[in-house]
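**Student:** Dumping the structure here so I can ask a few things about it.
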């Protein structure tokens, strides 16, 4: 029975999905005598059928990978007989064609989830849902066509090779197996706020109901994107072996840009839901966030950006995505320009209020987004226009983003202490006084242990954010109707802000990292940052599809053992490539990090190249990312009843 699900069936399922997406996109907008046509109520059914067809296509590609069907070009170019089973599955999205299929599967699942929204006796919500499903269908149809015409994962190869070319060994890692699905889920998740913003602009219904409906989707997409970025940074840290966590690579920036605009959207939508203000700005952010996700896809897939992450340099793919981007983004902005003048905010607020703090945070986040976007796009545009090659890297981004981050952190600490609509300066200062004292106390260790003054200042402000967030939570606990039961929104906000503070403390700690590169003999001791590193042994170990040379390092302080590290050098035969397997021992105070390099021979003596790092507070970077994502998910109003579209 399973033999039936072959590449041909997968290709047919993909073509069927494209047709169903087109029906889904057209049906809600068909009218008959000013009323919805017969096909309009079928839109949710088209969405479910579209998602099922895509899942069938994805299952067919997975079965082809598991069967080692090298008649499929995608499998032959990215798999091999000796490839471990786990990576045969996860390798499906480790290439351009498979990752695009995963993208459109997630897009189809988002449409199916939207169609599941309960709309009985809610005419406004029902109309918004139908139009949003139509927008989702049209976007899905465009990506389905892109997959079929330029990135077909089921393209055949003749004659069929006896074995495949294998997978890039750098991609054969559990972290990278999970990173793309999380990242894509975050990217694609922002399509739902985008679609509902389009639907609300069509109907002129940018109301509190719209904000309440969209907020859970924004929270989930933001949390998933946060996890995806954090996991990608972790992969860069422990797989590439360079000891860093973020290279300001253009493709890394392509994920950071929608995260920044999505964070701004998350803040502004709270104002719409609470006071029905900033509706125009919030709708624009909803359009911009998914537009940035699409722009990042275009930049990565077209080969415009020079990056180790780029998939391919194919002008055909680039032109197709550019056309799709122009239609989606151009159409959305045209609709926004037409509708925005007729929308007016229904309430105002004073400068000393939580609304003002949220607006200030949103402005800083959007400015950061603009800076990163400019630094990422400036070199390729200059090369395109003038033919000059420029490099914009860490010095530029550090010097432009850190000055904007400092006032953002200050505002993050003040915002939770402010009430809605109108606040008192005296009351606010009284609430923040303990946090201010704690922050002043943190100045001493920060400026003593951190050599970089800007890093020390950011660390102090991170303490300010953490402590003020905890104080705001305690205040909510005191005033809550039920003891220890403030709303999920408060718990989520507190966790997310604490996560930001923890991550920034980790980033600042890494500014005090120490590293060295040495050529060491067996038994020889090396000293780094007050620690003794001894190379004990180097042995050979066979792997499933590689041969490994593993070193044993003993780390001690003042003669007391601290850790044993086992960095390795793996030689893959198919494809022939050598990569370093980093050894990391994490503590609450930081990481011990070792990389085994090449071998040097001097007569009868053998020396092994070692890269040794001591990275203070490094684990806090990814711990903070997880706390942020957990806060976003906790703030989601899951399981709460809504009546007639009443905001939760």
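**Student:** Quick check on residue 61: is it in the same structural domain as residue 132 (by TED's automatic domain parsing), under 23 Å from the mean Cα position of the chain (by Cα) and within 28 Å of residue 173 (Cβ to Cβ)?
**Tutor:** No.
**Student:** Is it the case that the range 308-328 has a residue that's at pLDDT 90 or above and buried (at least 19 other Cβ atoms within 10 Å of the Cβ)?
**Tutor:** Among the residues of the range 308-328, at least one is at pLDDT 90 or above and buried (at least 19 other Cβ atoms within 10 Å of the Cβ), which makes the answer yes.
**Student:** I've got another one for you. Would you point out which residue out of 145, 225 is part of a helix (DSSP H, G or I) and either outside the structural domain of residue 61 (by TED's automatic domain parsing) or farther than 30 Å from residue 74 by Cβ (or both)?
**Tutor:** Exactly one of 145, 225 is part of a helix (DSSP H, G or I) and either outside the structural domain of residue 61 (by TED's automatic domain parsing) or farther than 30 Å from residue 74 by Cβ (or both), namely 225.
**Student:** Right, another one. Could you tell me which residue of the range 587-624 is nearest to the chain's Cα centre (by Cα), considering only residues that are in a loop (DSSP other than H, G, I, E, B) and under 30 Å from residue 465 (Cα atoms)?
**Tutor:** Checking each candidate, the answer is 618.
Quick grid of which residues meet (1) under 33 Å from the mean Cα position of the chain (by Cα); (2) assigned to a strand (DSSP E or B); (3) touching a residue at least 12 places away in the same chain (Cβ under 8 Å):
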position: 544; (1), (2), (3): yes, no, yes
position: 549; (1), (2), (3): no, yes, yes
position: 555; (1), (2), (3): no, yes, yes
position: 563; (1), (2), (3): yes, yes, yes
position: 569; (1), (2), (3): yes, yes, yes
position: 579; (1), (2), (3): yes, yes, yes
position: 585; (1), (2), (3): yes, yes, yes
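**Student:** In the range 432-459, which residue that is within 14 Å of residue 411 (Cα to Cα) and surrounded by 20 or more Cβ atoms within 10 Å (Cβ to Cβ) is modelled with the highest pLDDT?
**Tutor:** 458
The values are calculated or read from the model by the stated rules, or taken from the named source; none is laboratory data. Because the structure is a prediction, the values reported are computed rather than measured. Because the Cβ atoms are built from the backbone with ideal geometry, glycine has one as well, and the counts that use them run over all protein chains shown.
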